[in-house]
Amino acid sequence: MARVDGRANDEIRPITITRNFNKYAEGSVLIEAGDTKVVCTATVDEKVPPFLRGKGQGWITAEYSMLPRATEVRNIRETLRPSGRTMEIQRLIGRALRSVVDLSALGERTIWLDCDVIQADGGTRTASITGAFIALGDAIRTLKDNKEIETNPIKSYVAAISAGIVDGEKMLDLRFEEDSRAQVDMNLVMTDEGQIVEIQGTGEAFPFTRQDMNDLIDLAFKGISELVCIQKKLLLDL
């Protein structure tokens, strides 16, 4: 089955990353994965949550939001309370970034990662993780340049991508049109060493086999390896 955008089943969407997208943030990028566009900013806050005060370590946390007209139909702006989906995604982003950072080397400070979707065509959470890592890297560089930290606390690179089974075929990096009719839908977060940080997988239409899962993980590993190569080219001097 030919994909709508002509990609091979194991091919990621074109990736464009614009750094320093926000002139105020310590780190910021606009990441474009096909027609999905997310602004990721990293803000250094010289304090930690109450449960970490006096423990000599830092914290990384995330917030995620989608602009009302990021999709074909206008969504209601979340002003009072984030939806369950939003809370789940921002927790995922925070977990993913914390997994590759030595928080004790960060000092007693928090880095906030804000991921704002300005246009959605599938894979917003995975694009947010991939872009937020670059914003985090730039914020860490700012701290090092200002001599506020001595060593780089980032232990590994991390990126994320989707994979799934659509019309019986295994595909990488699903657009919304593919994701919405996928029989199996997975999001995977991995490091540059191929270590798995998180797998979110659901048999939307039918149960899937262990072999299906392994095949989708292999697809994701290929895609994440390509994303990490992009990250490393941008963060050469980190």
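None of the figures in this text is laboratory data; all of them are computed from the coordinates on show. What you see is a predicted model; the values in this text were computed from it and never measured. Heads up, the Cβs are rebuilt from the backbone with ideal geometry, glycines too, and the neighbour counts pull from every protein chain shown.
What the table shows:
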quantity: Rounded if a/c under 1.5, otherwise prolate or oblate - the range 160-221, Cα gyration tensor axes; calculated: prolate
quantity: The range 94-106 - phi-based ³J(HN,Hα) in whole Hz, Karplus 6.51/-1.76/1.60, Gly and Pro as x; calculated: x, 4, 4, 6, 5, 5, 10, 10, 7, 5, 5, 7, 7
quantity: Residue-averaged 222 nm ellipticity for the chain, from DSSP H runs of 4+ at -39500 (n - 2.57), nearest 500; calculated: -9000 deg cm²/dmol
quantity: Summed residue charge, Cβ within 14 Å of Glu26's Cβ, Lys/Arg positive, Asp/Glu negative; calculated: -1
quantity: Built amide H within the under 5 Å cut-off of Ile161, gap 5+; calculated: Leu188
quantity: Cut-off 11 Å between beta-carbons: net charge of the residues surrounding Val48, Lys and Arg +1, Asp and Glu -1; calculated: +1
quantity: Answer label, with Cα Rg over 2.2 N^0.38 Å calculated from the coordinates and candidates [x] 1.01; [y] 0.94; [z] 1.25; calculated: [x]
quantity: Cα shape, the range 1-83, gyration tensor, a/c 1.5 rule; calculated: prolate
quantity: Residues with amide H under 5 Å from that of Val48, placed H, sequence gap 5 or more; calculated: none
quantity: Restraint check, Lys23/Lys155; Lys23/Lys144; Lys170/Lys222; Lys55/Lys144; Lys55/Lys233; Lys55/Lys147, Cα-Cα greater than 24 Å; calculated: Lys23/Lys155; Lys55/Lys233
quantity: Spatial separation of Cα centroids for the range 76-127 and the range 200-229, in angstrom; calculated: 22
quantity: Average Cα contact separation per residue, the chain, under 8 Å, 6 or more apart, as relative contact order %; calculated: 21
